[in-house]
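Structure first, then comments.
What follows draws every value from the coordinates through simple rules; no lab data is involved. Here the structure is a predicted model, which is why all the values come from computation and not from measurement. Every residue, glycine as well, gets a Cβ built from its backbone with ideal geometry; the counts of neighbours run over all protein chains shown.
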Amino acid sequence: MTTAQFLQNLLNGISIGSVYAIFALGYTLVFSILGIINFAHGAIFTLGAYFTYTLAVGQFGINGLLSGLNLDLQVPFALSLLIGAVLAGLVGVLLERLAFKPLRTRGADSLLALVSSLGVALVIVNAIQYLVGAEIYTFPSQVYGDIKPAIMFEISGQPVVVRTVQVIIFAVCMVILALLGYVISFTRIGKALQAVAENQTTASLLGISVDRIILVTFFMSGFLGGLAGTLVGTSFGIAGPYFGVTYGLKGLAVIVLGGLGSIPGAVLGGIVIGLAEAFVPPDYSAYKEAVAFAFLFIVLLVRPQGLLGRSLIQKV
Amino acid sequence: MALLELKNLSINYGAIQAVRCLDLEVNTGEVVTLIGANGAGKSTTLRAVSRLLKVREGSIHFDGREITRQAPDAVVRMGIAQSPEGRQVLARQSVLDNLELGAYVRKDRAGIKSDIAKMFQLFPRLEERKQQSAGTLSGGEQQMLAIARAMMSRPKLLMLDEPSLGLAPLIVLEIFSIIRNLNAEGTTILLVEQNAKLAMQHSHRTYVLEAGQITFSGLSHELLLDERVLQAYLGG
Ligand SMILES: Nc1ncnc2c1ncn2[C@@H]1O[C@H](COP(=O)(O)OP(=O)(O)OP(=O)(O)O)[C@@H](O)[C@H]1O
Ligand SMILES: [Mg+2]
């Protein structure tokens, strides 16, 4: 591999890896509060992309209930991205109220929560298909504004192409990560969130409303999922209602790799899997999706608790 | 006036009845002790007041309002704080964060700051370890932190579940003098203790709980001389 190729792969890997990171954090937040995996997270990722598309473009294809509709809302993209993520966050809140809370208050087994979130995921995917069909939607190439589509430079005589979209995605993810880190570590609500994650009874003895913190957590999780969906959508297009399924599974690989419930672990896991995929040789690119899981398998053999996870012994 | 009033309270864990038809009052300005053998239902009673347990029968009134079905965080906002049994500190968070979370329901930044300084005066060991995560404190230090944290909400009613547990005798005396000072400053206190004699010496009234029911109650200095209480709880 030449230096230029290496650099190219590195940039690609870090960019997509940062999206994996913010997406996987959505799983991590819910897991650290409730100890469950939200299987509808991939569907929320998909929804986020469609929400933003509707606001920023709003032009639908030839299938589904909304076929031929052209909303032409022309909402500026940055604002659409934000509103799309907020809407996805609200879907997260709805999901908690409909699929998780009723089971929790009845003290049901957490396996039931898993099945129930899987059910919601199917409903979301089917609803999308019903409304806008299964076709591919792409954002216009100038969606991030009137900027060059790519930056080119040379390394030892060979060209390296950096798509501007990738740079923007990376920057957005870093801003979100910094913001999230700040909120969780330094704000009142973040400290309350940590308290609830550690011990719900103790947290409620301190006057923290566990119920409200759970809602906030689902909002943040949905926001991150929806944002990641839009970012991937702008880079590769929205590949249909099942768009989020592979990302949903990859996100699971990321959090297990990083260590369940660990926030730095999710970030590291995301970047590592992004890089691992980027360095798959072009001849084998059809097997790219398997890379995340092969990597996961190897790491778990050596470190069953994941890269940055607390070992189970320490946890007890 | 009764600040806390439990009327005909019954609490179950599944089929097990832990507290039966309990009547108890804590008046504003009092220190009230609740004593009883292991498993008598003392912690259960405090948990019910903090609304961590469902009340099966009876009612709880606080500060003139019924709180029988309130949420746990709501009663903290109304002015009830509890230092629960056995080091329930947030092990992963720092000592300072634990204290700040103790003041979660308060908004007065300046007051919170000066109260933290006050807690460090009361418990200098906590100040030396304020950046340390609470899980790395010794058992006794964690107990101090749990008490200090409960005081941080500036409660009207402070409930302490075995505050002397695991503390060295000198620190125990210190804790009781802190309890007396807090009370002198106007905090009403409901105290659960194994250390019955000391607790009774530092309280106005005492309730004796046996198998989920109140068997004796009265002024502490009178019960301290009662044959039956003497026999059962004060080592003859
Ligand atoms: N979570 C629970 N599930 C079932 N039974 C419980 C539970 N907690 C307490 N009990 C039972 O309820 C009764 C009262 O327990 P409680 O903890 O209130 O006793 P206590 O007076 O505080 O005792 P100690 O002095 O040992 O702390 C006991 O018989 C106990 O076994
Ligand atoms: Mg007890």
Any chance you could run the full-extension gain for A:LYS288 through A:GLN142? It's 0.36 nm times the residue separation minus the Cα-Cα distance, nm to one decimal.
-> 49.8 nm
Between B:ARG77 and A:LEU179, what is the label-to-label distance in nm when each label sits 7 Å out along the Cα-to-Cβ direction?
-> 2.7 nm
Net dipole in debye of chain A [+1 Lys, Arg Cβ; -1 Asp, Glu Cβ; about Cα centre; nearest 20] | 820 debye
Show that you can apply the helix-only estimate: for the protein assembly as shown, add -39,500 (n - 2.57) for every DSSP H stretch of four or more residues, divide by all residues, and state [θ] at 222 nm to the nearest 500.
-> -17500 deg cm²/dmol
Arranged by the count of other C-beta atoms within 10 angstrom, fewest first, what order do B:THR187, A:THR164 take?
-> A:THR164, B:THR187
Based on the Cα atoms of chain A, what semi-axes does the equivalent ellipsoid have, where each is the square root of 5 times one gyration tensor eigenvalue, given in whole Å with the largest first?
-> 31, 26, 18
Do the alpha carbons of any pairs in B:LYS156/B:LYS197; A:LYS191/B:LYS113; B:LYS54/B:LYS107 sit beyond 20 Å of each other, and which pairs?
-> B:LYS156/B:LYS197; B:LYS54/B:LYS107
Given backbone amide H placed at 1.01 Å from N, residues whose amide H is under 5 Å from that of B:GLU210, ignoring those fewer than 5 places away on the same chain, are B:THR215
Per residue of B:84-93, what is the mean number of Cβ atoms on other protein chains within 10 angstrom of that residue's Cβ?
-> 3
Other chains' Cβ within 10 Å of A:192-202 residues: what's the mean?
-> 4
Please identify, among B:SER133, B:SER220, B:SER153, the residue showing maximal mean-square fluctuation in a Gaussian network model of chain B using a 10 angstrom Cα cutoff.
-> B:SER133
Provide the FRET efficiency to the nearest 0.05 for the A:GLN74-A:GLN5 pair, computing r from the beta carbons and using R0 = 56 Å.
-> 0.90
Show which lysines lie in cross-link reach of A:LYS288 when reach means a straight Cα distance below 20 angstrom and same-chain residues fewer than eight apart are skipped.
-> A:LYS250
Gain in span if fully extended, A:LEU111 to A:ALA134, counting 0.36 nm per residue against the direct Cα distance = 5.2 nm
Pick out which of B:MET151, B:MET159, B:MET119 has the largest mean-square fluctuation in a Gaussian network model of chain B, springs linking Cα atoms closer than 10 Å.
-> B:MET119
Can you tell me the FRET efficiency between B:ILE16 and A:ARG212 if r is taken as the Cβ-Cβ distance and R0 is 30 Å, rounded to the nearest 0.05?
-> 0.40
Pull out the extension gain between A:VAL167 and A:LEU66, defined as 0.36 nm times the separation in residues minus the alpha carbon to alpha carbon distance; nm, one decimal.
-> 33.0 nm
The answer for the net charge of residues other than B:ALA48 whose Cβ lies under 10 angstrom from its Cβ, with Lys and Arg +1 and Asp and Glu -1, is +4
Rounded to 5, percent antiparallel among DSSP beta bridges of the protein assembly as shown | 60 percent
Can you give the mean number of other chain Cβ atoms that lie within 10 Å of the Cβ atoms in peptide B:49-60?
-> 1
Summed over the other residues with a beta carbon less than 15 angstrom from that of A:GLY270, with K and R at +1 and D and E at -1, the charge totals 0
For the range A:1-126, rounded, prolate or oblate, judged on the Cα gyration tensor with a ≥ b ≥ c (square roots of eigenvalues), a/c < 1.5 rounded, else prolate if a/b > b/c?
-> oblate
Where a ≥ b ≥ c are root eigenvalues of the Cα gyration tensor, a/c under 1.5 meaning rounded, otherwise prolate if a/b exceeds b/c and oblate otherwise, the range A:104-198 counts as oblate
Return B:THR215, A:THR54, B:THR68, B:THR206 ranked ascending by Cβ neighbour count within 10 Å, so the fewest neighbours appear first.
-> B:THR215, B:THR68, A:THR54, B:THR206
